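Worksheet: the structure to be examined is printed underneath.
The values are calculated or read from the model by the stated rules, or taken from the named source; none is laboratory data. It should be emphasised that the depicted structure is a prediction, and the values quoted were computed from it without experimental measurement. Note that each Cβ is placed from the backbone with ideal geometry, even for glycine, and that neighbours are counted across all protein chains shown. Surface accessibility is based on the protein's heavy atoms, side chains included, excluding ligands, DNA and RNA. Shrake-Rupley method; radii C 1.70, N 1.55, O 1.52, S 1.80 Å.
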Amino acid sequence: ANSVMKKCMDDGGDDASCAPGAIRQANGVVAAHELSVHYGEAKNYTIREELLDGRTHWVVPTVMMVQGVHRGSHGPILHLADELGRFPGIWDGIPIVINHPAEDGQNVSANQPHILDEYLVGRVFNTMMDGRKLRAEAWLDPEALKRVSPEAMEHIRAGKPLDVSVGVFTDEDMQSGEHEGEHYEA
């Protein structure tokens, strides 16, 4: 994301025009994790079926991120709702994959044809801010989900929540502090 942002800025762009492309790039490149499953009841969790590209998809409500301190590759960073909600529509159409694609031990963007062919299970749509939460709908292809992760498919079918991970481009203010009892470095 940083290189996309820098190239755009070097080519005469500004923050408003460059940030969406940088965020799209960051969405596909994130640290590797195993499937994280949480057992328990989800309230007001309903799945509906819709057609996309001529195939039935499960539309699952998703909380992608919540205002607060999140720990990632840059350490604990405070993400405020105002920033999360700055460009919610740029998330629409972003690929959904299970785990994080990697090649030769390096994380790679999910937005590449050969990666999409192997890992894609759906796309993000209808992204919006809801108070302190960045919400969206995960449009999941059940056939792809079954092929890539039968475990995730069964949890979704049962209405059990799963953790999601988003790649986030950050323009950090190096200012430490505490937010709701949690320390942050930027």
(request) Starting from segment 76-180, pick out the trypsin sites (Lys or Arg not before Pro) whose DSSP state is loop and whose Cβ has at most 16 other Cβ atoms within 10 Å. (result) 86, 132
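On a full-extension model of 0.36 nm per residue, what is the gain between residue 160 and residue 172, subtracting their alpha-carbon distance, rounded to one decimal in nm?
Stretched fully, the residue 160-residue 172 segment lengthens by 0.9 nm.
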(message) If you roll a 1.4 angstrom probe over the protein chains with everything in place, what fraction of the accessible area of segment 48-186 belongs to carbon and sulfur, to the nearest %?
(response) 46
(request) Taking 7 Å along the Cα-to-C-beta vector as the label spot, tell me the residue 63-residue 14 distance in nanometres, rounded to one decimal. (result) 3.5
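How large is the accessible surface per residue of segment 134-186, computed with a 1.4 Å probe and reported in Å² as a whole number?
With the other protein chains kept in place, segment 134-186 gives 59 Å² per residue.
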(request) Please sort by residue number the chymotrypsin sites (Phe, Trp or Tyr not before Pro) in segment 38-117 whose DSSP state is loop and whose Cβ has at most 15 other Cβ atoms within 10 Å. (result) 39, 45
(message) Out of the GluC sites (Glu not before Pro) in segment 129-181, which ones are loop residues according to DSSP with at most 15 other C-beta atoms within 10 Å?
(response) 172, 180
(request) Work out how far the C-alpha atoms of segment 68-177 reach from end to end along every principal axis, then list the three figures in whole Å, largest first. (result) 44, 35, 23
